[in-house]
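Following: one structure in structure tokens, then a few remarks.
The values are calculated or read from the model by the stated rules, or taken from the named source; none is laboratory data. Fair warning: this is a prediction, and the values are worked out from it, not measured in the lab. Neighbour counts run over all protein chains shown; Cβ positions are idealised from the backbone, glycine included.
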Amino acid sequence: GAVVSQHPSWVICKSGTSVKIECRSLDFQATTMFWYRQFPKQSLMLMATSNEGSKATYEQGVEKDKFLINHASLTLSTLTVTSAHPEDSSFYICSARSGGGEQETQYFGPGTRLLVL
Amino acid sequence: AQKITQTQPGMFVQEKEAVTLDCTYDTSDPSYGLFWYKQPSSGEMIFLIYQGSYDQQNATEGRYSLNFQKARKSANLVISASQLGDSAMYFCAMRGNSNYQLIWGAGTKLIIKP
């Protein structure tokens, strides 16, 4: 299957700082990547759809100025949590589309655990 | 509206037994895709199996098979000969025809007992 990397895997930061998370498709090009947030014992919550070369599409209730997304190339999307606060502590996971048509599949990165103190 | 329902919050299964994880869906799209992902405690989401709405046969991938019953709108995952390493959260998801996003179920926590 397709490989997606995510960096860093763990982040501990002070309240008020910004944190950048990278999502890379290693062996395929991804015009679209997705950013999810997951709270303990819950399902994935889609935050935004990241499109290469254009602005991200945010889900309702997700602050675009808080969660900055940049999809600068066909293999890299970044999520920046600006002025992080303890309530932003969560597991953030990205995915990238691979394939096309009926066989299209989303492949996921290993996730980033963010702890804001 | 599209919806995925996983009614089993948790399951305990004896090692080497087969296990069925339930998933029902609701959609008005004529074309859709159904996915199962495994999430171990490490957090990564591992793609397991895919079933297209127009596929005539049930999908199979190694020990994983998908029991697709279109009329009942169900897409249960069957794991044969369960192993201790199968212990994880399992999520059912659906992709609609109108966009590329996935709709997720609440997940089922599977624990394999030795």
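Side notes on the structure shown:
- The stretch A:50-85, subset buried (at least 20 other Cβ atoms within 10 Å of the Cβ) and β-branched (Val, Ile, Thr), residue nearest to the other protein chains (Cβ to nearest Cβ): A:ILE69
- Identification of strands (runs of 3 or more DSSP E) wholly contained in the stretch B:28-114 with 1 or more residues that are of a type in the set (Phe, Trp, Tyr) and within 22 Å of A:TYR107 (Cα to Cα) yields B:33-39, B:46-52, B:64-69, B:88-95, B:102-104.
- Subset of the stretch A:1-36 [in contact with a helix residue (DSSP H, G or I) (Cβ under 9 Å, 6 or more places away or on another chain) and part of a strand (DSSP E or B)]: A:VAL19
- Looking across the stretch B:7-44, the residues that are modelled with pLDDT of 95 or more, surrounded by 15 or more Cβ atoms within 10 Å (Cβ to Cβ) and within 25 Å of B:PRO114 (Cα to Cα) come down to B:GLN8, B:MET11, B:VAL13, B:VAL19, B:LEU21, B:ASP22, B:TRP36, B:TYR37, B:LYS38, B:GLN39.
- Just one of the listed residues (B:GLN83, B:GLN51) is closer than 25 Å to A:CYS94 by Cβ and touching a residue at least 24 places away in the same chain (Cβ under 8 Å), namely B:GLN51.
- Top-ranked residue of the stretch B:36-88 - restricted to ones that are away from chain A (no Cβ under 11 Å) and of a type in the set (Lys, Arg), ranked as nearest to A:ALA2 (Cα to Cα): B:ARG63
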